[in-house]
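Report on the following structure.
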Amino acid sequence: MRTPLTTAKALVEVAVAASTSSEDVHRLGGKLLTVIAGQERLLDGLLALAYSETTLDRDTRVDLAELAAAAVHAYGDKARDAGIELRTALSPAPLYADPVLLGRVVHNLVDNAIRYNVRHRGRVTIHSGLEPDGTAAISVTNSGPVVEATEVESLFEPFRRLRYDRTRRPRGSGLGLSIVRAVVRAHLGTVRADPREGGGLTLHVRIPTHPMTPPDKR
């Protein structure tokens, strides 16, 4: 799994270091190396998650509002190109969690909401904040095709996608929401998808704000 990233990193470094490299190559190379570094961190986190939930970093303070703002910035161009409006109502939602994996959760939620949407005049609305019980919460709502209640649970299974025609859109890996559920559960949180009347979904994520000891699986 690491070999493609290592190879890509080496090729970029060689291209940037070449005496004939232009300024454009240097700028692009820097951006690519940043992306590769992020993917390496994500891979490390996912491998830790697969190996044992107890290896997760639950001691770092992160804020769902900040992660959501970063995701909106990252996907702004993609949303505009698809004619989708991104709306936010972000209140602080600090918690202690693995920052890389939790960042991936928020990015996957936003990416999923844009990808499974109506083109032109579509909407994505993101809320974050603390629940009355102190739980950190984030919700992502999108317009889109009608989703049957019987389909909702299957959306969290690996390699499952909605049935409606997406031939004109880039296909995802089919892992986005399955990763969301795995990471949220590893943090002893919950994730729920509710179909919206008229089409689309609302994804709700709730995570305890302080580190907790996972239940004994024996």
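The values are calculated or read from the model by the stated rules, or taken from the named source; none is laboratory data. Just so it is clear, the model here is predicted, and its values are computed rather than measured. All Cβ positions, even for glycine, are placed from backbone atoms using ideal geometry, and neighbour counts span all protein chains on display. For accessibility, only protein heavy atoms count, side chains too; no ligands or nucleic acids. Shrake-Rupley method; radii C 1.70, N 1.55, O 1.52, S 1.80 Å.
Here are a few things to note about the model shown:
- Remark on Arg123: its backbone amide H falls under 5 Å from those of Glu85, Val118, Ser143, a criterion applied only to residues 5 or more positions apart or on other chains, H modelled at 1.01 Å from N.
- Here's how it looks for Thr88: its modeled amide H is under 5 Å from those of Ile126, which are all 5 or more places away or on a different chain.
- The value obtained for the stretch 1-104, namely the Cα convex hull volume divided by the number of residues, is 142 Å³ per residue.
- For Thr209, distant residues with modelled amide H under 5 Å away: Ala136
- Estimated at 0.36 nm per residue, the fully extended path between Thr20 and Glu131 surpasses their Cα-Cα distance by 34.4 nm.
- Using a Förster distance of 25 Å, the FRET efficiency for Thr6-Arg61 (Cβ separation, nearest 0.05): 0.20
- Candidate residues Val180, Val25: accessible-area rank, largest first, probe 1.4 Å: Val25, Val180
- Thr190-Glu148 pseudo-label distance in nm [points 7 Å out on the Cα-to-Cβ vector]: 2.6
- Global geometry of the stretch 90-130, whether rounded, prolate or oblate, following the gyration tensor of its Cα atoms and the 1.5 cut on a/c: oblate
- Nitroxide proxy distance, nm - points 7 Å out along Cα→Cβ at Arg27 and Arg41: 2.4
- Using θ = phi - 60° in the Karplus curve 6.51 cos²θ - 1.76 cosθ + 1.60, the 3J(HN,Hα) couplings for the stretch 132-145 round to x, 7, x, 5, 6, 9, 9, 10, 10, 10, 10, 6, x, x Hz; x is entered for Gly and Pro.
- Vicinal HN-Hα couplings computed from phi for the stretch 5-15 (Karplus, 6.51 cos²θ - 1.76 cosθ + 1.60; Hz; Gly/Pro x): 5, 5, 5, 4, 4, 5, 5, 5, 4, 5, 5
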